[in-house]
Amino acid sequence: MTNAILPLPDIANLIIFTDLDGTLLDHETYSYTEALPALARLRELKIPLVLASSKTAAEIIPLRQELGFSHCQAIVENGSGILEGETDTTQSGDKYQSILLALNALPPALRSQYEGFSDWSAEEVSERTGLSIEQAVRAKQRRFSEPGLWLGTDASRDEFITALKADGFTVLQGGRFMTLSFGGNKAERMVEIIRQHASGSGHQAISVALGDAGNDVAMIEQADLGVIIPNPAHGGIPPLAGEATGQVIRATQAGPRGWNETIMSLLQAAAK
């Protein structure tokens, strides 16, 4: 770690919020093998792990089960929605259809410079993401948002974003895709889940949030302890104000290896 981990007063109320691609999952292979020790320790201590990702509910459900945290809520589609624990609802929603209608109503010259998941077949999604065809099919089962790639100039990109914001869109640039939605982000959903936890348990949760890209910054800064996971595949997260106080720290290694190191160190410090 580049900073000392803050002491956590009550591990019993600890909740871990984590991004997936480039954080818990390897940016290239999507493997979490190097994080297995920390995942096992979290399960042993019954500490909730809330997956917070651009992934859809259809993608999160099997992964959440595979990791052993099906009982935990998940933040899906970059914070556009919450998937409840033990839930397998994956149907498309009205919000997604409204996004596509508004996107397709843009001037053709502008619309043609953005390609989203709705424009691609499962095979094309697979090629652009490295997902298997089966996983790509799940990634296309969207409810709240449309991720895609901007293919035009920076000037046209600014015009595109301005037009969408005028229609009430939120535009987030992640480590891989630009995602369009009608609002909500990982930080807002994290606060919502923390409030639900406090209401149900009578105790305030202690939050730790881990991420590697710009769409994780608000969540990292909102948490009691934020963790930046380095990602050599893109520019990463610039210096944040919380790093001066130790509220935000940086892992020394990328992906699941850095994730595992951080969580294990955190749990060891909390046990003292």
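The values are calculated or read from the model by the stated rules, or taken from the named source; none is laboratory data. Every value quoted in this text rests on a predicted model; they were computed, and no experiment measured them. When we count neighbours, we look across all protein chains shown, and the Cβ atoms used for this are built from the backbone with ideal geometry, even at glycine. All accessible areas refer to the heavy atoms of the entire protein, side chains included, with ligands and DNA or RNA removed. Shrake-Rupley method; radii C 1.70, N 1.55, O 1.52, S 1.80 Å.
Numbers at a glance
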quantity	calculated
Distance from the stretch 12-63 to the stretch 235-266 (C-alpha centre basis), Å	16
Total lysine pairs under 25 Å (Cα atoms) in the chain, excluding pairs fewer than 8 apart on one chain	13
Selected from Gly184, Ala198, Leu164, residue furthest toward positive end of dipole (the stretch 152-205; charges at beta carbon)	Ala198
Solvent-accessible area, 1.4 Å probe, carbon plus sulfur percent, for the stretch 184-268	49
Accessible surface of the stretch 52-139 [probe 1.4 Å, protein heavy atoms]: carbon and sulfur percent	48
Global form of the stretch 157-272, assessed from the alpha-carbon gyration tensor, a/c cut-off 1.5	oblate
Those GluC sites (Glu not before Pro) in the stretch 78-153 that DSSP places in a loop and that have at most 15 other beta carbons within 10 Å	Glu84, Glu86
Per residue, in Å², the accessible surface of the chain once ligands and nucleic acids are set aside, probe 1.4 Å	44
Relative contact order, percent, the chain [alpha-carbon distance under 8 Å, six or more residues apart]	27
